[in-house]
Every structure is written in structure tokens, then in C-alpha cells.
Amino acid sequence: MKFSEMPYQRPDIPALREKLEALRARIEGAQSADEAERAYRESDALSQQYATATSLAYIRHSIDTRDAFYDAENAFADENEPVVKEMAQAVNLALLRSPFRKELEARLGEVLFTNLEIEVRSFSPQNLALMQEENRLQSEYQKLYASALADWEGAKLPLPKLGPYKQSGDRATRRRAYEAEGRWFDAHREELDALYDALVRNRTQQARNMGHESYLPLGYDRLGRNCYGIQEVEAFRDQIAQDLVPIVNGVRAAQARRLGLTSLALYDSTVSFPDGNAAPQGTAEEILEKGHAMYRELSPETAEFADFLWGNELLDVRSKEGKAPGGYCTEIPAYGAPFIFSNFNGTSDDVDVLTHEAGHAFAAYRAMRRGIPSDLWTPTMDAAEVHSMSMEFLTAPWHERFFGPAVRKYELAHCEDALTFIPYGCMVDEFQHRMYENPTLTPEQRNAVWLDLEKKYRPWMDLSGLPFYGRGAGWQRQLHIYLFPLYYIDYCMAQTVAFQFWMASLADRGGAWARYLRFVDGGGAKTFASLVEDAGLCLPYAPGCIRKVGGEVAQWLTDNAR
């Protein structure tokens with residue numbers, strides 16, 4: 001069914017409660033593993049129906065945040081999400097306590113039960129009101145960001161449409177674009193500070209209600225991290241600071257030399273060549289058509305997926321007023337449909353959307369057709385990001401279709417950007433850890449922490465003289481810090497694994513694709529560590545991994561920059 005034809009109906013919360021309560025009772029009274037499993041699968045079907053409605057409301061709201069109907073429906077979902085979570089927890093607890101648990105683990109997998117235990121301990125009815133407030137604050141931030149219009153040469157532009165100017169070959173134009181963006185954030189400084197302060201205090205109180213000193217343990221549980229913890233993340237960040245930052249420092253120095261500069265300002269970092277970055281050729285419609293053709297040729301599996309996606313209006317990628325910022329992939333379970341949302345802006349980011357978000361969508365498409373419970377569709381977010389980041393590189397043979405003679409420029413810049421992103425991602429992660437360890441910091445103190453971390457992770461970056469960025473508030477444009485706490489290091493770990501899939505594909509393309517497909521189809525039945533090890537790759541936080549992977553990528557850059 002096409003997206004425009006998918007009907008929306010507000011979920012009946014009392015009816016859902018009654019049905020889930022009956023299924024909980026059936027699991028508790030089951031006389032066999034078969035009975036318990038049937039009741040669990042029926043509860044999962046109800047969860048999918050509910051998720052379909054809330055997903056449709058969220059997508060349509062983010063496509064146009066000014067739409068009063070879907071704004072109200074999204075608010076309804078925000079308010080009731082904690083309530084539904086409480087209902088689902090009762091079913092999960094019944095399954096975990098089932099006398100047939102061992103048989104159920106053999107059928108459904110031990111990881112499912114580990115994940116359910118984590119989910120149960122990450123929720124408390126005591127936090128219902130706080131969770132509702134958290135959802136409201138997050139939506140308020142997203143609506144504020146979506147309303148952003150920058151003053152540009154006598155016109156008002158949505159921030160994503162500054163993208164081409166931020167990548168202009170003219171340095172003065174780049175600076176003016178960053179200044180225009182920064183002025184909007186400065187004009188909304190008090191609102192942004194107040195929203196984040198409220199979110200940090202809210203999440204901290206939720207954690208304390210559950211016996212934690214800070215939000216960090218609760219945040220890790222809510223991300224479902226089931227094979228590593230804070231110590232492993234710290235070890236990973238330490239490797240990045242010690243082994244990768246020096247490599248990236250050299251990459252940025254080479255970039256400065258190409259641009260004829262002695263050092264890089266923030267507004268230089270987005271440009272890799274003095275005559276400008278590689279831009280995709282053609283209109284948005286032509287880029288989408290090329291993407292469809294690419295996936296039809298990549299493999300039989302991606303051909304089937306692409307026909308479904310493009311044939312059912314499951315991409316909304318053009319930027320417009322009122323549209324939420326950023327990009328994402330989500331699922332509409334009742335229709336077995338992934339959905340890609342983005343904001344095309346005429347830069348290489350448009351192609352990256354068709355590879356990155358389509359990597360998520362491809363994994364979701366396959367998972368939703370295997371007849372497994374939705375709890376097993378998706379692994380933890382670190383592994384899920386491997387799906388997308390690897391696809392960015394595994395589609396390399398088709399990049400020339402998008403960029404023509406500029407393809408080598410694109411591939412060099414894409415690799416450099418992927419490598420230099422990792423220290424930035426670690427900076428975002430450490431910033432969030434510091435915020436939740438010190439929840440009473442003032443806005444000025446938070447900005448000071450960010451500037452301190454800039455020196456640690458991006459010592460090559462000059463922020464002086466810029467509004468917003470120069471005072472250390474650049475973190476406020478990073479959606480994840482407000483909307484998805486502690487979900488950013490996942491990108492960094494995933495990029496490390498994606499680089500390994502890419503290197504494997506350069507040696508044996510067919511073998512690398514087969515390994516990638518097995519990784520994707522592992523879904524949520526395996527931990528991140530198991531998926532990586534089963535693919536014959538090194539875990540990002542294992543000693544020496546970053547030195548090895550960083551060295552291989554740096555060598556590729558050296559060889560291909562000649």
C-alpha cells in the first residue's frame with residue numbers, strides 16, 4: 001500500500017490495555033510453552049498495530065510540523081507512550097517469570113530474554129509523569145528547530161537549505177552561511193538553554209527515582225546495551241583520543257593544504273577542494289531514480305527491497321518550510337514498510353541519505369518478512385548503524401552515476417568525513433556523560449565543557465569570531481543531545497565496523513557482501529559483539545582495534561590522494 005493511502009486511526013488506549021491484560025493472564029496461566037508463546041506473539045501483534053499508528057502520526061507530523069491534526073496526534077502519542085510501555089512491561093514480566101522460560105529461550109533466543117530484562121529494569125510507573133514531560137520537551141525542541149529560518153540575502157531559508165552555501169568554494173560565502181545559521185541559534189539561546197536544562201533535570205530525576213545516582217545507567221539500559229557498558233565506552237574514547245585524533249589531525253592538515261590555508265576554521269571543514277566539493281548531478285527526482293537503479297543492480301535482495309520502497313511512496317526527502325530537520329528511517333509495521341525521511345539540499349549529503357538511511361531500511365524490510373517477533377527485528381543501535389554506514393561504502397561502484405567525473409573527489413571527501421566524524425562523535429558522547437554526571441551546570445558551564453572537548457577531539461578546529469559556535473554552544477544543533485540521550489557513540493563504533501566491511505570489499509566484494517548480509521539478518525537475535533565477531537571483524541573497543549583500522553583507512557587516503 002502506498003504511504004499516502006495508509007489510514008491513520010488514533011489508538012484506543014483502554015481497549016489496548018484490556019487486551020494486553022488478558023494476554024498477560026494467558027501467559028501466566030499457560031500450561032505449556034506453546035500456549036505462552038502464542039499469547040506473547042498475539043501481544044506482539046497488538047504492539048505492532050499500536051506502533052503503526054504512532055509511526056504514521058510521527059512521520060506525517062515531521063513532514064509538516066505545522067499540520068494541526070498530526071501535531072495533536074503526535075502529542076497524544078508522546079503522552080501515552082509511557083502508559084503503553086507500562087502495559088507492555090506487565091506482559092514482559094509474565095514471559096520472564098514463565099515456568100517454561102527455558103523452552104521459550106530455546107525457541108526465541110536467549111538474547112530476547114536478556115533484552116526484556118533490560119527493558120523491564122529501565123521502566124518504573126513512578127516515572128510516568130516525568131516520561132510524558134520528557135516527550136513533550138523533546139517535541140518542543142523539534143518544533144522549535146523545525147521553525148528555524150535563516151536570513152539569507154533578503155530571503156528566509158530553512159536551515160538545511162544553507163547547506164550548499166556552507167560548502168561553497170568561496171570562503172566568504174561559507175563564513176556568511178555559518179554566521180546566518182549561528183544568528184538564528186543565538187536569537188533562541190534562552191529557549192534552547194531552558195529546554196536542555198529541563199531535559200537533564202527530568203532524566204536525572206527519573207534515574208534517581210530508580211535508585212541511580214545519575215542518568216547514565218538508566219540511559220544505557222534504555223538503549224538496550226547488552227554486551228558492554230560505560231567502561232568499554234570510555235576505553236573506546238581513549239583509543240580515539242590517543243590513536244585516531246593524531247591521524248585525523250594529519251588528514252585535516254592535508255585538507256588545509258589543498259585549500260591553500262594554514263589552518264581550518266569551522267566554515268572550512270565542510271569543503272575538501274578549492275573548487276568546491278563534488279555535488280550530485282541532476283534534480284532530486286533524478287537522484288532518486290539513480291538510487292532506485294543502483295539498488296536494483298546491487299543484489300537480488302536489494303532489488304526486491306528497492307522496488308517496494310520506491311513503489312509505495314516510502315521516501316520523503318525534499319526540504320521545505322515546516323518540515324522537521326535531520327533525517328531518519330523508521331518502520332510502519334502493519335505494512336512491513338520502512339520509511340525514509342530527509343531534507344535534500346543539493347549537496348553530496350543527498351546521496352549519503354540514499355545509502356545510509358537505505359541501509360537501515362533494507363535491514364528493516366528483511367526483518368519484517370521473517371515472521372519473527374518485532375523484539376527481534378532490530379539489534380542494538382550500534383549494530384543497526386553498521387547496516388547504514390556500511391551501505392555507504394558497499395555502494396561505491398555506483399557512485400560515479402551520481403557524481404560523474406567528480407566521483408574521485410566525492411570518494412576522497414566521503415572517506416575523510418567518515419574518519420573525522422569519529423572524534424566528533426566521541427566528543428558528543430563525552431559531553432553527554434559530563435552533563436549527566438553534573439546535572440546542575442549552568443548554560444555557560446556547559447558551553448565551557450564543549451569548548452574544552454573541542455581541544456581534546458578536534459584540536460585543528462578554529463571557532464573564533466563565529467556567533468553561536470564561538471561561545472561553545474555548537475552542541476545545541478545536534479539533535480541527538482536533546483532527543484536521543486547517549487545515542488551517538490553508536491555511530492562511532494559502527495563506523496569502525498563499516499570501515500572493516502569496506503576494506504574487506506576492496507579485497508573480495510562478493511565475500512564482503514555475503515558477510516554483510518549475514519550481519520544484517522542477525523537482527524536482534526545476537527549482541528553487537530557477537531555480530532561483529534561472527535563477521536570476522538574486530539570489536540571497536542578491543543585493544544588495538546582503532547590503531548589497526550585507522551591505519552588502514554589512512555593508507556587508503558594516502559594512496560588515493562595522489
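The values are calculated or read from the model by the stated rules, or taken from the named source; none is laboratory data. Not measured: the values here are computed from a predicted model. Positions of Cβ are generated from backbone atoms using ideal geometry, with glycine treated the same way; all protein chains shown enter the neighbour counts. These area figures cover heavy atoms from the full protein model, side chains too; ligands, DNA and RNA do not enter into them. Shrake-Rupley method; radii C 1.70, N 1.55, O 1.52, S 1.80 Å.
Applying Stokes-Einstein at 10 °C and 1.306 mPa s to the Kirkwood radius of segment 384-459, computed over alpha-carbon pairs, gives a translational diffusion coefficient of 106 µm² s⁻¹. Helix 13-29 and the longest principal axis of the C-alpha atoms of the chain enclose an angle of approximately 60°.
Angle of helix 68-96 to the longest C-alpha principal axis of the chain, folded into 0 to 90 degrees and rounded to 10: 50°. Projecting the Cα positions of A334, F402, G322 onto the charge dipole of segment 313-404 (unit charges on Cβ atoms of Lys, Arg, Asp and Glu, taken about the Cα centre) puts A334 furthest along the positive direction. Each residue of segment 93-245 gets 200 Å³ once the volume of the Cα convex hull is shared out per residue. Taking all protein chains in place and a 1.4 Å probe, what share, in percent, of the accessible surface of the chain do carbon and sulfur account for? For the chain, the apolar C and S fraction of the accessible surface comes to 50 percent.
Principal semi-axes of the equivalent ellipsoid, √(5λ) from the alpha carbon gyration tensor of segment 403-526, are 34, 21, 11 Å from largest down. For segment 284-362, trypsin sites (Lys or Arg not before Pro) are listed when DSSP marks them as loop and at most 16 other Cβ atoms sit within 10 Å of their Cβ; the list is K320.
Working from Cα positions, state the angle (0 to 90°, nearest 10) between the long axis of helix 407-437 and the longest principal axis of the chain. So the helix axis and the longest Cα principal axis differ by about 60 degrees.
Geometric descriptor of the chain, per residue, is 144 Å³ (volume of the convex hull of the Cα atoms). Which whole-number percent gives the relative contact order of the chain, counting Cα pairs below 8 Å spaced six or more residues apart? After rounding, I find 18 percent. Placing pseudo-labels 7 Å out from each Cα toward the beta carbon at A45 and A514 gives an inter-label distance of 3.8 nm. Over segment 74-116, the reciprocal of the mean inverse Cα-Cα separation, the Kirkwood hydrodynamic radius, stands at 11.7 Å.
For the chain, the Cys residues with no second cysteine's beta carbon closer than 4.7 Å are C227, C329, C415, C426, C492. Overall size of segment 1-140 from C-alpha positions, given as principal axis extents largest first: 51, 37, 27 Å. Overall shape of segment 1-79 was characterised from the C-alpha gyration tensor. The equivalent ellipsoid obtained from it has semi-axes of 32, 13, 8 Å, in decreasing order. Over all directions, the projected convex hull of the C-alpha atoms in segment 180-226 averages 4.4 nm² in area. Of the GluC sites (Glu not before Pro) found in segment 145-188, those that fall in a DSSP loop while having at most 12 other beta-carbon atoms within 10 Å are E153. Averaged per residue, the chain has 39 square angstrom of accessible surface, using a 1.4 angstrom probe with ligands and nucleic acids left out.
The fraction of Cα-Cα pairs per 10 angstrom bin, counted from 0 for segment 190-329, comes to 8, 16, 21, 34, 19, 1 percent, rounded to whole percents.
With distances taken between every two different alpha-carbon atoms, segment 149-230 has a Kirkwood hydrodynamic radius of 15.9 Å.
Centroid-to-centroid, using Cα positions, segment 203-253 and segment 73-139 are 23 Å apart. Overall, the ratio between the Cα radius of gyration of segment 305-375 and 2.2 N^0.38 Å, rounded to two decimals, is 1.14. Please give the FRET efficiency for E321 paired with A293, using the beta carbon to beta carbon distance and R0 = 35 Å, rounded to the nearest 0.05. With R0 = 35 Å, the Cβ-Cβ based efficiency is 0.70. Projecting the Cα atoms of T380, H356, V428 onto the charge dipole of segment 318-432 (Cβ charges, centred on the Cα centre) puts H356 farthest toward the positive pole.
The Cα trace of segment 123-179 gives Rg and Dmax of 18.1, 55 Å, the first to one decimal, the second as a whole number. Using only alpha carbons, segment 339-441 has a radius of gyration to Kirkwood radius ratio (Rg to Rh) of 1.06.
By the helix-only formula, in which each DSSP H run with n ≥ 4 contributes -39500 (n - 2.57) and the sum is divided by residues, the chain has a 222 nm mean residue ellipticity of -21000 deg cm²/dmol. Straight-line cross-link partners of K102 among the lysines, defined as a Cα under 29 Å from its Cα and at least 8 positions apart when in the same chain: K19, K85, K526.
Gain on full extension, evaluated as 0.36 nm per residue between E285 and E110 minus their Cα-Cα distance, stands at 58.5 nm. The convex hull of the Cα atoms of segment 477-562, projected and averaged over all directions, covers 7.5 nm².
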